Ligand code: SF4
């Protein structure tokens, strides 16, 4: 397992738990608004496994959980082995994923490696590739979500409400998704690092939180468990 970053203590990344967040490098998507752009292509290790294990060992009993985020963690072949090691130390585990690897999620479930999943749903099916680019494909993401439902797993789905998505798009997405136990609508925040060619997309003014709150009232008709993190 290679790590590109670490947050030693977070109250925001695992609902109801204090967590250590580990970031893996590499992603198979290329969302224009990515806040971890440096992780997409740079596969170099920035935090050694020794450092990670030392921190995890020291924080047993002080921190509840470990979140594996990215990049896209499911691209790493030793992910499940690592998650199981973390669980054997007494931590709860959470996996943040773009949902592109339903087969890996099936294996995580079979191995009981993850306690809580967060899956991004980025755009309506017809616009998925436009927003998340690269190999992005909504059908894989929907398959991932349906697998989690079928196996009765704890999970949430998250959508970043970029200004390029209309209320119509958001309604369509809410209709495409099966009923979600916790559906988080995150406001768009401009990333510090972005591609020069994306400047116009990036600098489009975000929806004010009040507007997203109004959107959420409509989305609630289709996804009753919609949550606003503000
Ligand atoms: S899926 Fe996540 S890590 Fe990958 S490009 Fe999109 S926002 Fe960035």
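The values are calculated or read from the model by the stated rules, or taken from the named source; none is laboratory data. Please read these numbers as outputs of a predicted model, since none were measured by experiment. Positions of Cβ are backbone-derived with ideal geometry, glycine not excepted, and every protein chain shown enters the neighbour counts.
When you scan the stretch 79-87, do you find a residue that is buried (at least 17 other Cβ atoms within 10 Å of the Cβ) and within 16 Å of the ligand (Cβ to nearest atom), even just one? Scanning the stretch 79-87 turns up at least one residue that is buried (at least 17 other Cβ atoms within 10 Å of the Cβ) and within 16 Å of the ligand (Cβ to nearest atom). The set of residues in the stretch 1-12 being away from the ligand (no atom under 14 Å from the Cβ) and either surrounded by 20 or more Cβ atoms within 10 Å (Cβ to Cβ) or farther than 18 Å from residue 81 by Cα (or both) consists of 3, 6, 7, 8, 9, 10, 11, 12. Taken over the stretch 205-226, the criterion of being exposed (fewer than 15 other Cβ atoms within 10 Å of the Cβ) and outside any helix (DSSP H, G or I) is satisfied by 205, 208, 220, 221, 224, 225.
If you scan the stretch 103-114, which residues turn out to be surrounded by fewer than 20 Cβ atoms within 10 Å (Cβ to Cβ) and touching a residue at least 40 places away in the same chain (Cβ under 8 Å)? Selection gives 106, 109. Taken over the stretch 112-132, the criterion of being over 30 Å from residue 89 (Cβ atoms) and away from the ligand (no atom under 16 Å from the Cβ) is satisfied by 124, 125, 126. Taken over the stretch 30-70, the criterion of being in contact with a helix residue (DSSP H, G or I) (Cβ under 9 Å, 6 or more places away or on another chain), within 17 Å of residue 95 (Cα to Cα) and either free of Cβ contacts under 8 Å to residues at least 24 places away in the same chain or assigned to a loop (DSSP other than H, G, I, E, B) (or both) is satisfied by 70 alone. Given (1) assigned to a loop (DSSP other than H, G, I, E, B); (2) in contact with a strand residue (DSSP E or B) (Cβ under 8 Å, 6 or more places away or on another chain); (3) over 26 Å from residue 206 (Cβ atoms), where does residue 180 come up short, assuming only one miss? (3) is the only condition that residue 180 fails. Looking across 91, 116, 121, 128, one residue alone is more than 16 Å from the chain's Cα centre (by Cα) and closer than 24 Å to residue 23 by Cβ. It is 91. Among the numbered criteria (1) more than 13 Å from the ligand (Cβ to nearest atom); (2) at pLDDT 95 or above; (3) in contact with a strand residue (DSSP E or B) (Cβ under 9 Å, 6 or more places away or on another chain), which single criterion is violated by residue 53? Every listed condition holds for residue 53 apart from (3). Only residues that are farther than 22 Å from residue 184 by Cβ and surrounded by 14 or more Cβ atoms within 10 Å (Cβ to Cβ) were counted in the stretch 115-132, giving 1. A single entry from 64, 30 fulfils the requirement of being surrounded by fewer than 21 Cβ atoms within 10 Å (Cβ to Cβ) and closer than 24 Å to residue 165 by Cβ: 30.
Restricting 13, 30, 42, 64 to residues that are under 28 Å from residue 203 (Cα atoms) and over 15 Å from the mean Cα position of the chain (by Cα) narrows the list to 42. In the stretch 133-162, the qualifying residues are those that are within 16 Å of the ligand (Cβ to nearest atom) and part of a loop (DSSP other than H, G, I, E, B), and the one that is surrounded by the fewest Cβ atoms within 10 Å (Cβ to Cβ) is 135.
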